[in-house]
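One structure is given below, encoded as structure tokens.
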Amino acid sequence: MNKKLLSPLLILGIIAAVITIWAVSSYNSLISLDENGNNAFAKIETQYQRRLDLIPNVVRTVEGVADFEQETLQNVVAARSAWAAAGTPNGKIAAANNFESALSRLLVTVEAYPELKATEAFRDLITELEGTENRVAFARNEFNDAATNYNKATRTFPRSLIANLFDFEAEKELFKAAAEAKVVPVVDFGDNQ
């Protein structure tokens, strides 16, 4: 072969090899980041399931107080069902926020019932629920870190080319505080003191 022809072909071959190696490496990196996000979300689901398993016990304990607000209990049960029915990660995030709002209202309402707070079963359930909430917060932070890493990788050039070419999820939604979290709950002991 002619040396003049061999040199450009060799250069093109090297360039093609470098681009191929970069593309494969980028693709594998995006797969890894996506799986890290999926794993982190699965950890959140595990903690939510633990919390959801505790809620029927809390509801049964609270129902023992005859004049307890039934609407509050119904909201907690409905929010629990919505979480179980949510099919997508974004749907589960929205359901989780609604559930937390309903659970917060339940716990604030409980403050007006000293006889309920005095029962050992309720105190034990609340302690277990608090521990679960700490695990949920930790798992959410882990997920947000994994999702942020994934989002950066899929949105920055030149990896965004590979992400778009292979239809990676555009962006993983982060867990954020529910809008109700910005409002301080009001505890009204009313006539129950």
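Return the residue satisfying two criteria in turn: it lies in segment 145-158 and is in a helix (DSSP H, G or I) and without any contact (Cβ under 8 Å) to a residue 60 or more places away in the chain, and of such residues it is nearest to the chain's Cα centre (by Cα). Can you show your working first?
Filtering segment 145-158 for residues in a helix (DSSP H, G or I) gives 145-155.
Remaining after also requiring without any contact (Cβ under 8 Å) to a residue 60 or more places away in the chain: 148, 151-152, 155.
Working: T148: 13, N151: 15, K152: 18, R155: 21 Å.
The residue in question is T148.
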Q) Just a yes or no: is a residue in segment 117-138 without any contact (Cβ under 8 Å) to a residue 60 or more places away in the chain, of a type in the set (V, I, T) and surrounded by fewer than 13 Cβ atoms within 10 Å (Cβ to Cβ)? A) yes
Q | Matching entry among F143, F122 (being aromatic (F, W, Y) and under 26 Å from A170 (Cβ atoms)) | A | F143
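May I ask you to verify whether G13 is over 19 Å from E128 (Cβ atoms), modelled with pLDDT of 90 or more and out of contact with any helix residue (DSSP H, G or I) (no Cβ under 6 Å at 6 or more places or on another chain)? Before you say what the answer is, go through the steps one by one.
Working: over 19 Å from E128 (Cβ atoms): yes; modelled with pLDDT of 90 or more: yes; out of contact with any helix residue (DSSP H, G or I) (no Cβ under 6 Å at 6 or more places or on another chain): yes.
Yes; evaluated as a whole, the condition is true for this residue.
Out of T72, T20, I need the residue that is in a helix (DSSP H, G or I) and either surrounded by fewer than 16 Cβ atoms within 10 Å (Cβ to Cβ) or at pLDDT 80 or above (or both). Which one?
Details: T72 fails: either surrounded by fewer than 16 Cβ atoms within 10 Å (Cβ to Cβ) or at pLDDT 80 or above (or both).
Testing whether each residue is in a helix (DSSP H, G or I) and either surrounded by fewer than 16 Cβ atoms within 10 Å (Cβ to Cβ) or at pLDDT 80 or above (or both) leaves just T20.
Restricting attention to segment 50-69, report how many residues are β-branched (V, I, T), in a helix (DSSP H, G or I) and touching a residue at least 24 places away in the same chain (Cβ under 8 Å). First the steps, then the outcome.
Residues of segment 50-69 that are β-branched (V, I, T), as a first pass: 55, 58-59, 61-62, 65.
From what is left, the residues that are in a helix (DSSP H, G or I) are 55, 58-59, 61-62.
From what is left, the residues that are touching a residue at least 24 places away in the same chain (Cβ under 8 Å) are 55, 58, 61-62.
Number satisfying all stated conditions: 4.
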(Q) Considering only segment 22-37, I want to know if a residue exists there that is within 15 Å of K92 (Cβ to Cβ) and either in contact (Cβ under 8 Å) with a residue 60 or more places away in the chain or in contact with a Ser or Thr (Cβ under 7 Å, 6 or more places away or on another chain) (or both). (A) yes
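Looking for whichever is in a helix (DSSP H, G or I), modelled with pLDDT of 80 or more, out of contact with any Phe, Trp or Tyr (no Cβ under 9 Å at 6 or more places or on another chain) and aliphatic (A, V, I, L, M) here; the options are A102, A79, A121. Which one fits? Spell out the reasoning first.
Working: A79 fails: out of contact with any Phe, Trp or Tyr (no Cβ under 9 Å at 6 or more places or on another chain); A121 fails: modelled with pLDDT of 80 or more.
Only one candidate qualifies: A102.
The values are calculated or read from the model by the stated rules, or taken from the named source; none is laboratory data. This is a predicted model, so every value here is computed, not measured. Because the Cβ atoms are built from the backbone with ideal geometry, glycine has one as well, and the counts that use them run over all protein chains shown.
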